[in-house]
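Notes follow the structure.
The values are calculated or read from the model by the stated rules, or taken from the named source; none is laboratory data. All values derive from a computational prediction rather than experimental measurement. Please note: Cβ atoms are built from the backbone with ideal geometry, for glycine as well, and neighbour counts cover all protein chains shown. Side chains are part of the model used for accessible areas, which takes the heavy atoms of the whole protein and leaves out ligands, DNA and RNA. Shrake-Rupley method; radii C 1.70, N 1.55, O 1.52, S 1.80 Å.
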Amino acid sequence: MVILYLIWETHFPGSSFLPYLCEKLFVCTLRNSHICHNLYLEEIQNTFKETEDMKKLLTVLFCVILVTGLMLTSCRREPEPEPEPEPVPEVVEPEPEPEPPVEPEPEPVPEPEPEPPVEPEIVPPEPEVVDITREKTVDPDRPAERTGGDFYIALNKEPEVLDPHMITNHSEQKLAKALFEGLLSYDPQTGLAVPGLAESWEMTDDGLVYTFYLREAQWSDGEPITAQTVVDSWMRAMAPETGSPYAWFFGIIEGAEAYIAGEGDAEDVQIEAVDDHTFEMTLSASLPSVVEGLPLFAFSVVPVHAIDAYGDNWTDIDNLVVNGPFEITAWADAQFIALEPNASYWDAENVFLDAVVYFPVPNIGEAVEMFTYEDVDWVSGIPKSREAELEGRDDFHKVPYVAAELSMLLSDAAEKEGEARMAALKEAESLFEALEEGTTPDYYLYYRSLIDTSTWGGWFPNMMGAHPPKDVFLK
């Protein structure tokens, strides 16, 4: 139709016939009807007859129709069958997964506080152990053989207590030291601590731990003495229920002070029986003089087995068990106390005396008269009023024994007021000045010949906390 339109416009410009014809042909084509085609041809013929160029027109029209038919014939196609739509795969929706059970939210755990940085542990070096054993001084005047004889001592008071953990005065101390012995004893020549039940001892170089090695020893009834005996004895002395007036002596031991006061446990007291013959104690602070204090009566070992058996009656003469160089054989109230050597004593072969007899003499003047007439061999505490009278004697001796008098002076000052108190304090001060000058306020009378041939290897029997050393005199 486009070609036909161009041909027509070329030969018949401006004519309206072609548009008309095209409209009809289009309608006829659409109708696809043979009758319609003939009717329109007849009408066209009638129209072209009215024109001069009918033939020319017909020719052209025939050609156009022919060409158009050919084009339509060639262009007509059987309609291709529409392709069947590809089957749409069925979309299978996955089954919804079951929702997981809702777990309860855990309670928030507080974050642990960051630990402080761990500093490397500094391990102190193990303290070194130092052997500090001290042996007895050898007395050059010691006789070669046992001399025997009796030794008479004047006491200013009759002893009331034999329990070394409960004694309170010097008379009781002197008697207890003849009956009981602790780890250490006193050297009569020097006044220093020497072996007793312990034959040797050592300490750590920091001065805190002391170890004592016990010798084979036994009580007068044959019961052995072990390191556990020492532990039990000391714990009894410290126990609040015992009520020892000198329990505070043990306060230097680690854990002892609180136990003594009833505020600590016995397990906290640092004393231990390492084995049967090894005793160890740990101090709360270094105290170099602790060894020199161990011979004191408060540290004596007591027969715990006898105490358990007889209770408060264990000090009755018939029940008394001892471990010192002597044991009591007779006691006449207000008259005398007689002692004889203890055959079970570990150093019995060096006890040279046959007996020691104590005489209670409360009047010191009477005691001096008894010494003058040789009724007793030893009197202590000579009155100052008789110092000038007795000082020239060969058996008169001065010894450094001041603690008791100084204590009495200070106690006396505490009880007084005003001028009396000042006078007592001045007297105490003069006592210190006298010590610095090499003098002493206490005096003893004893026979040198008896001291030279007495107990413990020819030495004076150590029967008191402070005794007259043979060769220790002040200037």
SASA check, residue 136, accessible area w/ 1.4 Å probe, all protein chains in place, rounded to nearest 10 Å², comes out at 60 Å²
For the range 310-384 and the range 186-220, what is the centre-to-centre distance using only Cα atoms, to the nearest Å?
25 Å
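Which of the three applies to the range 246-292, rounded, prolate or oblate, going by the alpha-carbon gyration tensor with a ≥ b ≥ c and a/c under 1.5 meaning rounded?
Here the range 246-292 falls in the oblate category.
Kindly identify the range 175-302 as rounded, prolate or oblate by the Cα gyration tensor criterion: order the square roots of the eigenvalues as a ≥ b ≥ c, call it rounded if a/c is under 1.5, otherwise compare a/b with b/c, prolate if a/b is larger, else oblate.
Note, shape of the range 175-302 comes out rounded.
Once R0 is set to 25 Å, what does the formula 1/(1 + (r/R0)^6) return for the Cβ-Cβ distance between residue 228 and residue 161, expressed as a FRET efficiency to the nearest 0.05?
Working: r = 25 Å, r/R0 = 1.01.
Computed FRET efficiency for residue 228 and residue 161 comes out at 0.50.
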Could you tell me the accessible area of residue 170 in Å² (1.4 Å probe, neighbours in place), rounded to the nearest ten?
70 Å²
Karplus (6.51, -1.76, 1.60) ³J(HN,Hα), θ = phi - 60°, over the range 168-185, in Hz, Gly and Pro reported as x
9, 9, 5, 4, 5, 4, 4, 6, 5, 5, 7, 9, 10, 9, x, 4, 10, 10
Output ³J(HN,Hα) for the range 270-275: one whole-Hz value per residue in order, computed from phi by the Karplus curve 6.51 cos²θ - 1.76 cosθ + 1.60 with θ = phi - 60°, and x for Gly and Pro.
8, 10, 8, 8, 5, 8
Using only protein heavy atoms and a 1.4 Å probe, report how much of residue 346 is accessible, in Å² to the nearest 10.
80 Å²
For residue 330, list long-range residues whose amide hydrogen, built 1.01 Å from N in the peptide plane, is under 5 Å from its own amide hydrogen.
338
Starting from the residue with the highest accessible area, list 310, 152 in decreasing order, probe 1.4 Å.
310, 152
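Cα gyration tensor of the range 194-261, axes a ≥ b ≥ c as square roots of the eigenvalues: rounded (a/c below 1.5), prolate (a/b > b/c) or oblate?
Numbers: a/c = 2.69, a/b = 1.18, b/c = 2.29.
Because a/c hits 1.5 or more and a/b fails to exceed b/c, the range 194-261 counts as oblate.
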Residue-wise HN-Hα coupling along the range 321-337, computed from phi with Karplus coefficients 6.51, -1.76, 1.60 (Hz; x: Gly, Pro):
10, 10, 10, x, x, 10, 9, 6, 10, 7, 9, 10, 3, 6, 10, 6, 10
